[in-house]
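Working notes, structure below.
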Amino acid sequence: MSNQAFADCPQLLRDFLFYMQTIRGRSQKTVEAYHVDLRLFLRYIMFVKILHSDPGLSLDEIDITGLSNNVICSVTLSDVYAYLNYTLSERKNNANTRARKVSALRSFYKYITTKTQFLEENPMKDLEMPSTRRAMPRYLTLEESLELLVNLPEGKNYERDYCIITLFLNCGMRLSELCGIDVQDIRDNSLRLLGKGNKERVVYLNDACLNALKQYIKVRKPSKKEPNALFVSGQGRRITPRRVEQIVQSGLAVSDLDGKGYSPHKLRHTAATLMYQHGGVDIRALKEILGHSNLSTTEIYTHVSDKQIERAASLSPLANVKIKTERQRALQALEQNKKKEHEDE
């Protein structure tokens, strides 16, 4: 990484960002998110504590490169609450965005407390995450998944595209993981994936995956530019996430599924849901397959389908009880009267 990276940050923040990338192994995308969120927070702190909320200044233009460690370490929970209120009221950040900012702040001040000598006690240790609504994952049904595979356009890259869709639907891998697969990552019926935080895991390939890979390898043209890449573009380079998104959207369009907001990540949701609902995969095994760090993340896939809910309702012991009609009530009254007359005799 260039020495000019994160040049718009004070040294303490730069050290943290380099630490997260080089020591903790966070992805470039994750580190950039930390960069953006923490830079805004420190600009807010400088705006409030040093510039005294000068109305003539724009927060996005404030230079924080000279912000001292003393100011950064003087931050309190009250400062953070005021900042989060600012992001809500002025920047219209939703709960998920604010939760991401809180996560960045907690990581930053944990680093300052445990990895430097500037703080003895972490001021963010009691900072809670904003309450967020956990949405149900969107996924293709089993029938829609079959349609996507059967109707995939048979162009010049059909074997490659079919293999990509098959791996998504059967292995539940992330988009970045699929693009990063090298030929040597495939061993017999297993596949090595490099996930978030540079964590490796192994997934096992079923017959559908092995067959799709076999057919693709037959027609795959080795790339001089990137000879190890499994999936390559027409220009001989490792396939990009954007190209994979286009392949998925093309397949969805042919099956009239493109208007439902599906994406490669939704295919990951689909794989997890189908494994849990139709394959009977244990939730802990599913956690390992998906590469989740926490079981709570995987538990979102334990939702039940609409058909399961419908079946449960039909199995109620009162499911066949019907309201009496006026005629039925009259007949029942007549029968009761006859019974009473018979008893009186």
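Only the coordinates and a few stated rules stand behind these numbers; no lab work does. Quick caveat, the model's predicted, so the values are computed rather than measured. Here Cβ is always computed from backbone atoms with ideal geometry, including for glycine, and neighbour counts include all displayed protein chains.
Modelled spin labels at ASN122 and SER58, positioned 7 Å past Cα toward Cβ, are 3.6 nm from each other. Proximity of backbone amide H atoms, modeled 1.01 Å from N, is registered between ARG26 and GLN21 at under 5 Å, excluding neighbours fewer than 5 places apart on the same chain.
The tail of the calculated P(r) for region 142-307, taken as Cα-Cα distances beyond 20 Å, holds 50 percent of the pairs. Computed from phi, the 3J(HN,Hα) profile of region 224-230 under the Karplus parametrisation 6.51, -1.76, 1.60 (θ = phi - 60°) reads 6, 6, 9, x, 7, 5, 6 Hz, with x in place of Gly and Pro. Helix 28-49 axis versus longest C-alpha principal axis of the chain: approximately 70°, rounded to the nearest ten. Axis angle, to the nearest 10 degrees, between helix 11-22 and the longest C-alpha principal axis of the chain: 50 degrees. Using 23 Å as the Cα-Cα cut-off, could you pick out the over-long pairs in LYS115/LYS287; LYS214/LYS287; LYS156/LYS266; LYS196/LYS266? In this structure, LYS115/LYS287; LYS214/LYS287; LYS156/LYS266 lie more than 23 Å apart at Cα.
Give the shape of the chain as rounded, prolate or oblate, defined through the alpha-carbon gyration tensor: a ≥ b ≥ c are the square roots of its eigenvalues, a/c under 1.5 means rounded, and otherwise the shape is prolate if a/b is larger than b/c and oblate if not. Oblate is the answer for the chain, as a/c is 1.5 or above yet b/c matches or exceeds a/b.
Candidate cross-link partners of LYS110 among the lysines, defined by an alpha-carbon separation under 20 Å and a same-chain spacing of 8 or more, comprise LYS101, LYS125. Short-range pairs are left out: with C-alpha atoms under 8 Å and at least six residues apart, the relative contact order of region 11-115 is 30 percent.
Separation of region 1-66 from region 226-278 is 34 Å, based on Cα centroids. Compared with the dominant principal axis of the Cα atoms in the chain, helix 241-254 is inclined by about 20°.
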